[in-house]
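Please read the structure below before turning to the comments.
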Amino acid sequence: MKAYTYIKYILFVVIFATTISGFSQQKTVKFKYLNTKATDAVIQTDWSVNPTPYNGVNFGSMSELATTSTFYKKGTINSQFLLRFDQLSLIPNNAKIISASLKLFGVPNSTNFPLGNSTLSSFSYYIERITSSWDENTVTYSTQPSTASTGYISMPAATSQWNYNYTLNSTSTSNPELINMLNYMKGNNANNWGFMITPNQISQNYSGIVFASSNHSDPTLWPELTITYEEFNCDFKVSADTPNPKRYSFTSLNTYGNHTWNIYDANYIPIIPTVSASSYAYTFTAAGTYYVEHIVTTPNNNICSSIISICVSQQAKGLTFERKNTFSNLDSENTIKVYPNPAKDNVTIKSINTIDKVEIYSIVGLKVLVYNIVNKEANINISSLSKGTYLFKIFTSEGVEIKKLIVE
């Protein structure tokens, strides 16, 4: 096998932003490799001879990426490839990925892999998330990184020997595994070790799929990753009314999405119905400690919740910001599970923390049921609910989490 080095072209990250209500919330970024940080490599082993000739060889400068498997003489010859998008650090840690698209582009021929793609439909490949560090210029089959034991993506066989392009589109409901992997990798890059693509079987027949690497002479064929994500916060401004020591105004710092407000007493009992507005003013009727909650729900059903405590006195107003910020997707598992979903008569709620209370809301924000639990697991009867979508607001010893449930 030959390894070739090519001059890498500079290809800039293209960023598109959509501005909604004067606040940029939903962004799409398209990544192709920069010449300063191209990160992909092939690793190969040949068990048909002893000693194996490729186990300690680095193929980081190869112009193609390939994963192959074939049985020859007394053993197998395997190739896998590693792929990492370092630019994922540009996506903030608190962003929620809405959709993603991974594109790998085929080549018209290959000296390194002259058999090209196998087209037997029985062959397939795995895309796995890498969980340890590796370096493009030194990694070999013997020093290959580890991968996650669950959550892989199945890639089907190619449909042509050459010029086969692969596209994986991912949303929360279609191929969500890619989004799940990217959520590990985005932000500070502490967990961004990329992907490993590997055959899922060993066969007497040749099994292989070949794509262009970031070293290919044609930069339009370099691997490509496009991500659309939401970024926003649920912080709000608190203003005290000087003439009235018990009146406060609460104003969201952005106008994106739907905004609701809740106010609770010191025992976390609501003292007002839920209010839908981007700002809200309230006059407290007695001195004491209160909790003000601001919830922002985006069009993509992401929820951000911010809670502060306020100490109200007759003479002066002291604001104590014990802020608890959460950003969770309605369908995410996080630390709480609600199942089955959809449900009909009963639903189980299970948490790693003690559940204090569960409030159930209709999709339009009407509170329909309340359960006091004080346990880490509970079975709730929902037979009185009509068919539809409901939001479960779950209060635990560590905070509040929102879950969506469909009642059949």
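Just so it is clear, none of the values below were taken in a lab; they were calculated from the coordinates. All of these numbers come straight from a predicted model, not from anything done at the bench. Note: ideal-geometry Cβ built from the backbone for every residue, glycine included; neighbour counts use all protein chains shown.
Report, in listed order, any pair from Lys344/Lys403; Lys30/Lys337; Lys246/Lys403; Lys30/Lys404 with a Cα-Cα distance greater than 22 Å. Lys30/Lys337; Lys246/Lys403; Lys30/Lys404, as the Cα separations exceed 22 Å there.
Counting neighbouring Cβ atoms within 10 Å and putting the fewest first, the residues Lys30, Lys337, Lys403 line up as Lys337, Lys30, Lys403.
Here the dipole of region 91-211 is about 240 debye; that uses its Cα centre as origin and unit charges on the Cβ of Lys and Arg (positive) and Asp and Glu (negative).
Exposure proxy shown here: for Ser306, Ser160, Ser279, the number of other Cβ atoms within 10 Å sets the order, fewest to most, as Ser160, Ser279, Ser306. Within region 358-392, the trypsin sites (Lys or Arg not before Pro) that combine a DSSP coil assignment with at most 10 other C-beta atoms in a 10 angstrom radius are Lys387.
The alpha-carbon atoms of region 159-220, seen along their principal axes, cover 40, 30, 22 angstrom, with the largest extent given first. One decimal place: the segment Thr220-Val370 gains 48.4 nm when fully extended, by the rule 0.36 nm per residue minus the C-alpha distance.
Compute the Cα gyration tensor for region 336-407, then decide on rounded, prolate or oblate, letting a ≥ b ≥ c be the square roots of its eigenvalues: rounded whenever a/c is under 1.5, prolate when a/b is larger than b/c in the other cases, and oblate in all that remain. Since a/c reaches 1.5 and a/b is larger than b/c, the shape of region 336-407 is classed as prolate. Pull out a ≥ b ≥ c, the square roots of the eigenvalues of the alpha-carbon gyration tensor of region 232-294, then state rounded if a/c is under 1.5, prolate if not and a/b is larger than b/c, and oblate in the remaining case. Oblate is the answer for region 232-294, as a/c is 1.5 or above yet b/c matches or exceeds a/b. Other residues with beta-carbon under 13 Å from the beta-carbon of Ala41 carry, at +1 per Lys or Arg and -1 per Asp or Glu, a net charge of -3. What you get for region 230-295, charging only the Cβ of Lys and Arg (+1) and of Asp and Glu (-1), is a dipole of about 300 debye around the Cα centre. Within region 149-166, list the residues whose amide N lies under 17 Å from a label point set 7 Å along Cα→Cβ of Ser121. Only 155-161 pass the distance filter.
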